[in-house]
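To keep things clear, I will list the structure first and then write my remarks on it.
Since every read-out is calculated from the coordinates, none of them should be taken as a lab result. Just so you know, these numbers come straight off a predicted model, no measurement behind them. Cβ placement follows ideal geometry from the backbone for every residue including glycine, while neighbour counts extend to all protein chains displayed.
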Amino acid sequence: MKKLMLATAAAALATSGALADVKVGMITTLSGGGASLGIDTRDGFMLAIEAAGRDDVEVVIEDDQRKPDIAVQLADKMIQSEKVDVLTGIVWSNLAMAVVPAATAQGLFYLSTNAAPAQLAGKGCNANYFAVSYQNDNLHEGAGAYAANEGFKNTFILAPNYPAGHDSLTGFKRYYGGELAGEVYTKLGQTDYAAEIAQIRASGADSVFFFLPGGMGISFLKQYADSGVDLPVVGPAFSFDQGILQAVGEAALGVKNSSTWSKDLDNAANATFVADFQQKYDRLPSIYAAQGYDTANLLLSAIDKADVNDDAAFAEALKAADFASVRGAFSFAANNHPIQNVYVREVIKEGDIYTNKIVGTALENHANAYVDDCKM
């Protein structure tokens, strides 16, 4: 396990509005099957921090290895030994459930770059917890709305058996409204989907919805394409992200997927982000990178308004969301989860690169289903 201490002093610029130096602990997945997601999260976050040229923010980065026990150990060390003020970076919802409640109970702020399980949006909400990404159901709700609009009546749905997987299928069903040809929860990290594809073939389905992030999605899409099953496929952005598309290739062309962000969103912040990310890292950014970038800029906006040691004031500064999001219009609902659009994207090919373009909007100014359950 390696620790990367990054004191961000690119230009050593003093920040007139900052009231205290802030130490950030980033726990994310940098090795194993989900490494690309964590690497993009880290790179997007650090791109924003370094571009700001701040010397009042220090970031400590650790690899959780996609293991809840490791994530808990790292969080404890960061809180007790490193004395961080803010935690961030976790990709996987089972890891978030292991870390976030304990961290916020100790007075830490947690800013989620990705994982946003239902349990932390409703009764488990906390004034120090902000999901900067979405609420887990959101992209799947968008996919359900798209499937309903397309007239699909008998969709086969599948996702991994962990909190985000359950949230995904719950979200899809909430806006879909049709019959289900099948509903399957797969093993987290699974790579062989022959049994599930056989079930799809025999189910009488008219379409397939799946949420399989990272390497799971690559495995499924390749095996699905080779299977000869010729049913329309719908999914969230996680299953059709930049890294996945390059690995899957032509089999993904034309597939529709739901997302709160796309590289072709027409706003100045996004244009700057995409260009700067490509220049620095020599690859197109993903939704994980975009969310990391937005999280860093949200944090910087709050640092300029309030002292991180004043919980109420700092939470209010975060809640204001006074930053230019790469997603365009962005605000927080009462439970500290975003209000934002959910778009429909289509997988296309630009030169030699497989990527996405926006072809519609599934849900406008969309919040989440758990706001009324949050009693902050």
Legend entry - Unit charges on C-beta of K, R, D, E only; dipole of region 264-320, Debye: 180 debye
Legend entry - Two-decimal Rg to Rh for region 187-281 - Kirkwood Rh, Cα set: 1.05
Inset, instruction - Compute the relative contact order of the chain as a whole-number percentage, counting only Cα pairs closer than 8 Å that sit 6 or more residues apart in sequence. - result: 19 percent
Inset, instruction - Take the alpha carbon atoms of region 202-239, find their center, do the same for region 140-198, and report the distance between the two centers in whole angstrom. - result: 10 Å
Legend entry - Helix-only [θ]222 nm of the chain, DSSP H runs n ≥ 4, -39500 (n - 2.57) each, per residue, nearest 500: -11500 deg cm²/dmol
Legend entry - Furthest towards positive pole of dipole, T41, N356, L180, structure part the chain, Cβ charges: L180
Inset, instruction - Among A121, W92, P68, pick out the residue whose Cα is farthest towards the positive end of the charge dipole of region 62-121, where Lys and Arg carry +1 and Asp and Glu carry -1 on C-beta, about the Cα centre. - result: A121
Inset, instruction - Using a 10 Å cut-off on Cβ atoms, rank the peptides 68-75, 304-311, 341-348 from the highest mean neighbour count down. - result: 341-348, 68-75, 304-311
Legend entry - Under 5 Å, built H, 5+ apart or other chain: amide partners of A116: N136
Legend entry - Rounded to the nearest 20 debye, dipole of region 176-249 from Cβ charges on Lys, Arg, Asp, Glu: 160 debye
Legend entry - Principal-axis tilt of helix 138-150 within the chain, Cα atoms, nearest 10 degrees: 30 degrees
Inset, instruction - Take every Cα pair under 8 Å in region 213-345 that's 6+ residues apart, average their separations, divide by the length, and report that relative contact order as a whole percent. - result: 25 percent
Legend entry - Cα principal axis extents for region 28-89, largest first, Å: 34, 29, 11
Inset, instruction - Work out from phi, with θ = phi - 60° and the Karplus expression 6.51 cos²θ - 1.76 cosθ + 1.60, the ³J(HN,Hα) of each residue of region 343-354, listed in order in whole Hz, and give x for Gly and Pro. - result: 9, 9, 10, 10, 6, 10, 10, 10, x, 9, 9, 7
Inset, instruction - Take the Cα atoms of region 239-288, find their three principal axes, and give me the spread along each one in whole Å, biggest first. - result: 31, 22, 16
Inset, instruction - For region 69-85 and region 305-324, compute the distance between their C-alpha centroids and round to whole Å. - result: 23 Å
Legend entry - the chain: angle of helix 268-281 to the longest principal axis, Cα-based, in degrees nearest 10: 90 degrees
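If you place +1 on the Cβ of every Lys and Arg, -1 on the Cβ of every Asp and Glu, and leave all else neutral, what size is the dipole of the chain about its Cα centre, to the nearest 20 Debye?
460 debye
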Inset, instruction - Can you run the Rg to Rh ratio on the chain? Use alpha carbon positions and the Kirkwood inverse-distance Rh. - result: 0.96
Legend entry - Packing rank of 314-322, 239-247, where each peptide gets the mean count of other beta carbons within 10 Å, highest leading: 239-247, 314-322
Inset, instruction - Output ³J(HN,Hα) for region 63-69: one whole-Hz value per residue in order, computed from phi by the Karplus curve 6.51 cos²θ - 1.76 cosθ + 1.60 with θ = phi - 60°, and x for Gly and Pro. - result: 8, 7, 6, 6, 10, x, 5
Legend entry - Amide proton proximity set for G360, modelled H, under 5 Å, gap of 5+: V344
Inset, instruction - Report relative contact order for region 264-334 in percent, whole number only (criteria: Cα-Cα under 8 Å, sequence separation at least 6). - result: 36 percent
Inset, instruction - Compute the long axis of helix 163-176 from its Cα atoms, compare it with the longest principal axis of the Cα atoms of the chain, and write down the angle in degrees, 0 to 90, nearest 10. - result: 60 degrees
